[in-house]
Every structure is written in structure tokens, then in C-alpha cells.
1. Kirkwood Rh over alpha-carbon pairs of the range A:27-76, then Stokes-Einstein at 10 °C and 1.306 mPa s: what D in µm² s⁻¹, rounded to an integer?
2. When ranked by the protection proxy of mean other Cβ atoms within 10 Å per residue, highest first, what sequence do the peptides A:11-20, B:132-141, B:4-13 form?
3. Summing -39500 (n - 2.57) over the DSSP H runs of n ≥ 4 in chain A and dividing by its residue number, what mean residue ellipticity at 222 nm do you reach, to the nearest 500 deg cm²/dmol?
4. Would you work out the relative contact order for chain A, in percent, from Cα pairs under 8 angstrom that are 6 or more residues apart?
5. Please report the relative contact order for the range B:2-73, taking Cα pairs under 8 Å with a sequence separation of at least 6, and give it as a percent rounded to a whole number.
6. By count of other Cβ within 10 Å, fewest leading, how are B:120, A:72, A:35 ordered?
7. Can you tell me the relative contact order of chain B? Whole percent, Cα pairs under 8 Å, sequence separation 6 or more.
8. Against the 2.2 N^0.38 Å scaling, with N counting residues, where does the protein assembly as shown land? I'd like the Cα-based Rg ratio to two decimal places.
Amino acid sequence: MNNVLYTIFVISISLLLGKVANYLLAALPASLYGMILYALFLQLNWFSANRVTKTNQWFIKHMGVCLVPAGMGIINHFELIQQHGIALVIIIFSSTFILLTVIGYLSERFLITPDNYKSETTKGLR
Amino acid sequence: MLTTFIANSPILASLVITLITIATYQLASACQQKWQYIWLNPMLFSICILVPFLLLTEINYQEYNQTTQVLNLLLEPAIVALGLPLYQQFKQIRFYWREMTAILVFGITVVITVSFILAMWLIKAPEIAIALSLKSVTTPIGITLTEQLFGDSSITAFAILIAGLFGALLGPQWLSFIGVNSAKAQGLAVGSASHVIGTAVLVRKSAEHGAYSSVALILSAVLTALISPWLIPLLQILFN
């Protein structure tokens with residue numbers, strides 16, 4: 001229970017500072033500043049990563065339910081889907097595959113050094 | 001009838017409708033746990049059940065959104081909570097972060113530009129174009145960024161789901177087909193294109209696939225957040 005309150009406290013502090021950062025610097029949404037600050041606090045060991053891990057993971061695991069209301073907005077877009085459904089799917093499909101190809105190809109080309117690659121392929125064969 | 005109920009006792013209505021939403025989501029999660037199908041995504045499943053429910057009960061979206069405010073309020077702390085995986089991945093990317101960042105920045109710039117231009121060309125609505133260009137990041141961050149840029153966040157939420165499913169179901173095969181076979185490259189590609197849904201599939205292939213996929217998922221979300229507030233207004237100028 002202690003760690004639950006600790007986690008809520010650390011997340012709230014990060015979000016609060018995120019709001020300040022958003023007010024001063026604009027550009028990013030407050031919650032994203034909060035996320036970056038939270039990671040930074042853990043990295044600097046200002047707050048204990050061990051104590052927040054369990055509650056935080058529970059929070060992330062069930063986060064999807066908070067997104068349902070946003071997704072429900074689709075109810076106002078039946079007309080758009082009727083008119084442009086195929087265009088929507090084409091755009092999503094093609095851009096997803098472009099991204100997959102670009103990142104996959106570049107990573108294969110630039111992130112894998114020859115001996116590194118060898119060890120990985122042998123691992124795959126085993 | 002339900003509309004007057006919502007107007008007369010907002011707190012009770014809030015409680016009931018939020019509970020229905022949570023229960024539906026729980027049911028969907030339980031089904032996915034049991035059968036392990038990727039397309040049985042809890043959010044997609046919940047929307048497919050709740051949309052007919054709202055239509056039947058004649059609750060409009062504004063009313064639904066108002067009564068589920070609690071869930072919306074939790075979205076901000078939920079995004080902050082993603083700082084923990086970001087911190088955990090720091091160690092993973094320590095040695096490669098320059099190369100990885102460069103690759104992801106390039107990929108994200110390409111995908112935002114392509115989606116935006118395609119959407120403006122085919123659909124001609126800026127708020128839809130913004131929503132579609134932010135569809136490769138994890139849902140909470142995609143929604144927040146879209147709202148900040150005045151796009152339509154419900155379209156983002158849906159497009160993110162579909163992109164996630166495409167990449168998760170076809171991504172690994174496609175990558176093998178074009179000759180991208182290493183765990184690192186496959187992980188990074190699927191993680192950046194299909195976020196959590198893709199990562200959930202890749203984890204089954206190998207732990208290394210899963211690790212790189214989660215690196216890409218979190219890093220590409222942060223980078224998209226940094227790039228999109230500059231890139232999208234630039235693209236908008238292009239179309240004015």
C-alpha cells in the first residue's frame with residue numbers, strides 16, 4: 001500500500017512539473033513533459049524505481065480502458081467512413097508498410113555489425 | 001428517457017455508464033486472455049459493443065463523454081506512467097542511441113509527411129490528415145498530440161488500432177520477405193509502426209524481438225512528440 005501511494009505521489013509530482021514546463025515552454029503537451037521528467041527522476045535516482053515498478057506496471061496494463069471514451073468518438077464519423085472508408089484504409093495500410101520497410105531496412109543496414117549479425121543468425125538457427 | 005436521467009442525476013449516470021464501460025473492457029480483456037487472438041483487441045472489442053449500446057439507448061457522444069470524464073482524467077497520469085518503460089529502456093539503447101534516434105527520426109518524418117499528403121489529397125480535411133499522420137504511436141500519446149494540433153482524436157484512436165493490427169499480423173512476414181531477418185531490425189520496425197499491439201505479437205517470437213520492439217515503441221512516441229509540433233504546421237502551410 002505504501003508503494004502504491006509512493007507511486008501516485010511521484011507520478012503526480014512529475015505531472016505537476018510537466019504542467020509547469022508546458023506553461024513555460026509550450027511545444028509538448030504537459031503529460032509528455034511529465035513522462036520525460038518521470039524517467040529522468042528515476043534515472044537520477046531521486047525516486048526509487050524499485051518502489052514504483054509494481055504499481056506502475058499495473059497502471060500501464062490497464063491503461064487501455066481510459067482510451068475507450070476517446071475511441072468512441074468514431075460514433076460521430078459514420079458519414080466519413082461511408083464516404084472515405086477505402087481511402088482511410090489505403091492511407092493507414094500504405095503508410096504503415098512504408099514505415100516498416102524504412103525502419104526495418106535501415107536498422108538491418110546500419111545497426112547490425114557483421115559479427116553481431118553472425119551471432120544473431122546462429123542464435124536463430126539453433 | 002436515459003437522456004433525462006443523465007441530466008437529472010449526473011453523478012449516478014456517470015457511475016453507471018463508467019461501470020458499463022469498465023465491465024465491457026474487462027470482458028474483452030478476459031476473452032483475449034483466454035483465446036489469445038490479436039484482433040480481439042480489448043479497445044476495439046469494447047467500441048464494437050458500446051457503439052450499438054449508445055445507438056440503442058440514444059445517448060449521444062457528448063453525453064457519453066461527459067459521463068465518462070473520470071476515465072479521461074486518468075489519461076494524463078497514464079502517459080506519465082510510461083516514463084518507467086522509458087527509463088528501463090535507457091539501458092538497452094545506451095550503445096546505439098545515436099543510430100537508433102537517427103533511423104527513427106527519418107522514418108517518422110517520412111511517415112508523417114506521406115500520411116498527411118495522402119490524406120489531404122484523398123480526403124481533403126486537415127483535421128483528418130493530422131489524425132492520420134499521428135497513427136504510428138501508442139494510443140494515449142497519439143490522442144494527446146492530435147488534440148494539441150487540433151486534429152480529430154477519435155480518428156487517431158481508430159487509425160492507431162488499425163495500424164497496430166496491420167503491422168502485428170503482416171509485419172513480421174513482410175520484413176522477412178524483403179530480407180530483414182534480424183531480431184533487432186524486425187523489433188524496431190514493428191515496434192515503431194505497430195506500437196503495443198505489434199510488440200505483443202513479437203514477444204512470442206523471442207525475448208530479443210520483444211525488447212527491441214518496446215524500445216522502438218517508446219522512443220518513437222517521444223520522437224514523434226518532438227517532431228510533429230513542427231512538421232505538421234509546416235505541412236499545413238504547404239496545403240494552404
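1. On the way: Rh = 13.1 Å.
Answer from the Stokes-Einstein relation: 121 µm²/s.
2. Numbers: A:11-20: 18.8, B:132-141: 28.5, B:4-13: 12.8.
The most tightly packed comes first, giving B:132-141, A:11-20, B:4-13.
3. Numbers: 6 runs with 100 residues, N = 126.
It lands at -26500 deg cm²/dmol.
4. Working: 50 pairs, mean separation 22.7, N = 126.
Relative contact order for chain A comes out at 18 percent.
5. On the way: 48 pairs, mean separation 30.8, N = 72.
Contact order relative to length: 43 percent.
6. On the way: B:120 20, A:72 23, A:35 33.
If I rank by nearby Cβ atoms, fewest first, I get B:120, A:72, A:35.
7. Working: 281 pairs, mean separation 39.7, N = 240.
In percent, rounded to a whole number, it is 17.
8. Working: Rg = 20.4 Å, N = 366, 2.2 N^0.38 = 20.7 Å.
Dividing the Cα radius of gyration by 2.2 N^0.38 Å gives 0.98.
No value in this document is a laboratory result; all are computed from the given coordinates. Values in this document were obtained by computation on a predicted structure and should not be read as measured data. Every residue, glycine as well, gets a Cβ built from its backbone with ideal geometry; the counts of neighbours run over all protein chains shown.
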